[in-house]
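In what follows, a structure is listed as structure tokens, so that the remarks can point back to it.
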Amino acid sequence: QVQLVESGGGLVQAGGSLRLSCAASGRTFGLRAMAWYRQVPGKERELVAATISGGIANVADSVKGRFTIYRDNVKNTVYLQMSSLKPEDTAVYYCKATIIGTEYWGKGTLVTVSS
């Protein structure tokens, strides 16, 4: 089994910064892609940023220039550095890992940005 544990969420004022972490443990052999998604009530979960083991990263247009994704392959951990946060960034942020074609999800961490 694979476990994903997210941390780093919380309450921040608009314009502030937060860093989310997601650590993968268990059967992580073959871990390739790791990504962050977010979801607000009543809306579909949306991709925020993703990275594969080769270092290629994609970031959604809505957060480009403000959010950065990076990973530590030794620790099997992916990070999401969020800056210049806006109230519309408020959501539950989920980590996803893809291991040999199987997707695993974390339980999510809440980010609340106050205006």
- prompt: In square nanometres, what is one fourth of the surface area of the convex hull spanned by the alpha carbons of the range 1-56?
  reply: 5.5 nm²
task: With θ set to phi - 60°, apply the Karplus curve 6.51 cos²θ - 1.76 cosθ + 1.60 along the range 4-16 and write out the HN-Hα couplings as whole Hz, x wherever there is a Gly or Pro.
output: 10, 10, 8, 7, x, x, x, 9, 9, 7, 3, x, x
task: Calculate one ³J(HN,Hα) per residue across the range 100-106 by plugging θ = phi - 60° into the Karplus curve 6.51 cos²θ - 1.76 cosθ + 1.60, and present them in order as whole Hz with x for glycine and proline.
output: 6, x, 9, 9, 10, 10, x
message: If amide hydrogens are placed 1.01 Å from N in the peptide plane, which non-local residues have theirs closer than 5 Å to the one on Gly16?
response: Leu85
Filtered GluC sites (Glu not before Pro), the range 1-70: DSSP coil and at most 12 other beta carbons within 10 Å: Glu44
Listed residue (Gln81, Val12, Val63) projecting farthest to the positive dipole end of the chain, Cβ model: Gln81
Under-5 Å amide H pairs with Thr90, H placed in peptide plane, nonlocal only: Val113
message: Report the per residue volume, in Å³, of the convex hull enclosing the C-alpha atoms of the chain.
response: 94 Å³
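Could you compute the FRET efficiency for Leu47 and Ser83, with r as their C-beta to C-beta distance and R0 at 22 Å, rounded to 0.05?
It comes to 0.70.
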- prompt: How many angstrom separate the Cα center of the range 1-58 from the Cα center of the range 69-96?
  reply: 5 Å
field: Karplus 3J(HN,Hα) series, Hz, for the range 69-80 with 6.51 cos²θ - 1.76 cosθ + 1.60 (x for Gly, Pro)
entry: 10, 8, 9, 10, 5, 5, 8, 6, 10, 10, 10, 10
message: Testing the spin-label approximation: label points 7 Å from Cα along Cα→Cβ at Asn58 and Asp72. State their distance in nm.
response: 2.7 nm
query: For the chain, which whole-number percentage of the solvent-accessible area (1.4 Å probe, protein heavy atoms only) is attributable to carbon and sulfur atoms?
result: 51 percent
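The values are calculated or read from the model by the stated rules, or taken from the named source; none is laboratory data. Predicted model only: the values in this text are computed from it and were never measured. Here Cβ is always computed from backbone atoms with ideal geometry, including for glycine, and neighbour counts include all displayed protein chains. Protein only, heavy atoms only, side chains kept; ligands, DNA and RNA dropped before computing areas. Shrake-Rupley method; radii C 1.70, N 1.55, O 1.52, S 1.80 Å.
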